[in-house]
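The values are calculated or read from the model by the stated rules, or taken from the named source; none is laboratory data. Treat the numbers as computed from the prediction; the structure is a model and nothing was measured. All Cβ positions, even for glycine, are placed from backbone atoms using ideal geometry, and neighbour counts span all protein chains on display.
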Amino acid sequence: MTAPFQVIAGFLPLLDSAVLVAAREKGFAGREGVDLSLTREISWANIRDRMAVGHFHAAQMLAPMPIAANLGLTALAVPLIAPMALGLGGNAITVSAALWRALADRGAAGNLDPASTGAAMKAVIAERRLEGASALRLAVVHPHSGHNYELRYWLAASGIDPDRDVEIVIAPPPLLPDALATGAIDGYCVGEPWNTVAVRAGFGRIATVKQAIWRASPEKVLAVHAGWAAENGEALAALIRALYRAAQWAGDPANHEELAEILSLSIYLGGSPAALLPALSGRLDLGTGSQAEVGGFFSPFADFATFPWQSHALWFYSQMARWKDADFRRHDLEKVIASYRPDLYRAALSPIGVALPDRDWKIEHGFFDKKAFDPADIEAYLAAQKASLEATA
């Protein structure tokens, strides 16, 4: 066998780093000839910057970040591609105990229903405005994140203007529970285990989840520098195969206890395995004594969870345009589509007989407000979303 491919990858202490961690710890990378080194970081800004200056060959990355980089929307922008996704779902919106009591008093169902909780949030915001109280402060992990866009989507579909009716701030995932505990924020959208951390400590309550807002929706991707990918095609293909097999292993419920033990090591997520099992199983402790079964809360393998759908990239671009992160320009669509590379995914996995989708994009369904996203007509979609928010404001 030739010498192993050396790959250094960055990650954050989040449940959806599981595919990278399992690839290393369970030997899937080694069996593909990949010497995979993992480096833990605290923030997505650090991941972005260390990718830009060449410290990492690859990284766990927020799904919109390669698009933002390729559109020149981010500091130290370098050309990035996403040849693979790292799973679907995995986020939740957690609020303070005090805010949850206010939401429950105004009709939030308590079963993660985004519609009733959104209606209650709108009522709370209206009452606070009449009382002259400050706007609710909600946190997300990065401007160009699924968290930001799904939080905004939920708020807007509930008749709440994210730019006028609330304040949205940025903080790294591990700091969000402490920010909630101290009252610096009223709620946040983040991946696990940082929702469960607040719930188990007694000061947070999960209000709704990504899976309820947009079923089977994208979250993290494998990101690599476009130049590195072009020069190291064999290494990238081997890495994709290793991660695919790791995702298959991680998605098997029979392996969840072992996976939780591995992830709880201090070099990865830390904490206790018991704090990771709820999200892996989908049996969530919501807080205030409530529990819920959320099928597919985090899916590392099922439903083509590792396929880099270009329609996902186009949805993220639509949200960048909707919330003024970027101007919608038809000539930028080519850059957006090229950010996600299903051709490289297919080239790596077709030779080993993996069943693959027969197309690279699709009409996206599963949104809680019953609206579909047609990637072939983003301008009409944006116009409809704008009109919908204006009508409910």
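Here is a list: Tyr244, Tyr268. Which entry is aromatic (Phe, Trp, Tyr) and either in the same structural domain as Val141 (by TED's automatic domain parsing) or not in a helix (DSSP H, G or I) (or both)? Result: Tyr268 is the single residue among Tyr244, Tyr268 that is aromatic (Phe, Trp, Tyr) and either in the same structural domain as Val141 (by TED's automatic domain parsing) or not in a helix (DSSP H, G or I) (or both). Looking at Ala82, Ala22, Ala98, Ala108, just one residue is of a type outside the set (Val, Ile, Thr), touching a helix residue (DSSP H, G or I) at 6+ places or on another chain (Cβ under 6 Å) and closer than 23 Å to Leu138 by Cβ, and that residue is Ala108.
Of the residues Phe304, Phe328, Phe368, Phe316, the single one that is of a type outside the set (Val, Ile, Thr) and farther than 30 Å from Gly227 by Cα is Phe368.
If a residue must be over 25 Å from Leu236 (Cα atoms) and either in contact with a Lys or Arg (Cβ under 7 Å, 6 or more places away or on another chain) or assigned by TED's automatic domain parsing to the domain that holds Glu150 (or both), how many such residues does the range 291-318 contain? Looking only at that region, the number is 2.
Quick check on this structure: which one of Ala120, Ala135, Ala126, Ala82 is surrounded by 17 or more Cβ atoms within 10 Å (Cβ to Cβ) and either outside the structural domain of Ser17 (by TED's automatic domain parsing) or farther than 25 Å from Ala63 by Cβ (or both)?
Of the residues listed, the single one that is surrounded by 17 or more Cβ atoms within 10 Å (Cβ to Cβ) and either outside the structural domain of Ser17 (by TED's automatic domain parsing) or farther than 25 Å from Ala63 by Cβ (or both) is Ala120.
Does the range 32-48 include one or more residues that are more than 15 Å from the chain's Cα centre (by Cα), in contact (Cβ under 8 Å) with a residue 24 or more places away in the chain, within 20 Å of Phe298 (Cβ to Cβ) and buried (at least 17 other Cβ atoms within 10 Å of the Cβ)? Yes, there is a match, as at least one residue in the range 32-48 is more than 15 Å from the chain's Cα centre (by Cα), in contact (Cβ under 8 Å) with a residue 24 or more places away in the chain, within 20 Å of Phe298 (Cβ to Cβ) and buried (at least 17 other Cβ atoms within 10 Å of the Cβ).
Filtered by the rule that a residue be assigned to a helix (DSSP H, G or I), under 24 Å from Leu36 (Cα atoms) and of a type in the set (Gly, Ala, Ser), the range 51-71 gives a lone residue, Ala52.
Looking only at the range 194-211, residues that are outside any strand (DSSP E or B) and surrounded by 23 or more Cβ atoms within 10 Å (Cβ to Cβ) come to 7 in all. Of the helices (runs of 4 or more DSSP H) lying entirely inside the range 294-393, those containing at least 1 residues that are free of Cβ contacts under 8 Å to residues at least 24 places away in the same chain are 333-339, 342-349, 378-392. If you go through the range 99-114 and keep only what is among the hydrophobic types (A, V, I, L, M, F, W, C) and either surrounded by 24 or more Cβ atoms within 10 Å (Cβ to Cβ) or touching a residue at least 24 places away in the same chain (Cβ under 8 Å) (or both), you end up with Leu99, Trp100, Leu103, Ala108, Leu112. Given the conditions (1) more than 27 Å from Ser311 (Cα to Cα); (2) assigned by TED's automatic domain parsing to the domain that holds Asp327; (3) aromatic (Phe, Trp, Tyr), and given that Trp44 satisfies all but one, which numbered condition is not satisfied? Single failed check for Trp44: (1).
If you check Thr74, Thr2 for being modelled with pLDDT under 95, outside any strand (DSSP E or B) and under 23 Å from the mean Cα position of the chain (by Cα), only one passes: Thr74.
Can you confirm whether the range 181-193 contains a residue that is assigned by TED's automatic domain parsing to the domain that holds Ala104 and free of Cβ contacts under 8 Å to residues at least 12 places away in the same chain? Even if it seems obvious, please write down each step before you answer.
As a first pass, look at the range 181-193 and keep what is assigned by TED's automatic domain parsing to the domain that holds Ala104: 181-193.
Then drop every residue that is not free of Cβ contacts under 8 Å to residues at least 12 places away in the same chain, which leaves 182.
Yes, there is a match, as at least one residue in the range 181-193 is assigned by TED's automatic domain parsing to the domain that holds Ala104 and free of Cβ contacts under 8 Å to residues at least 12 places away in the same chain.
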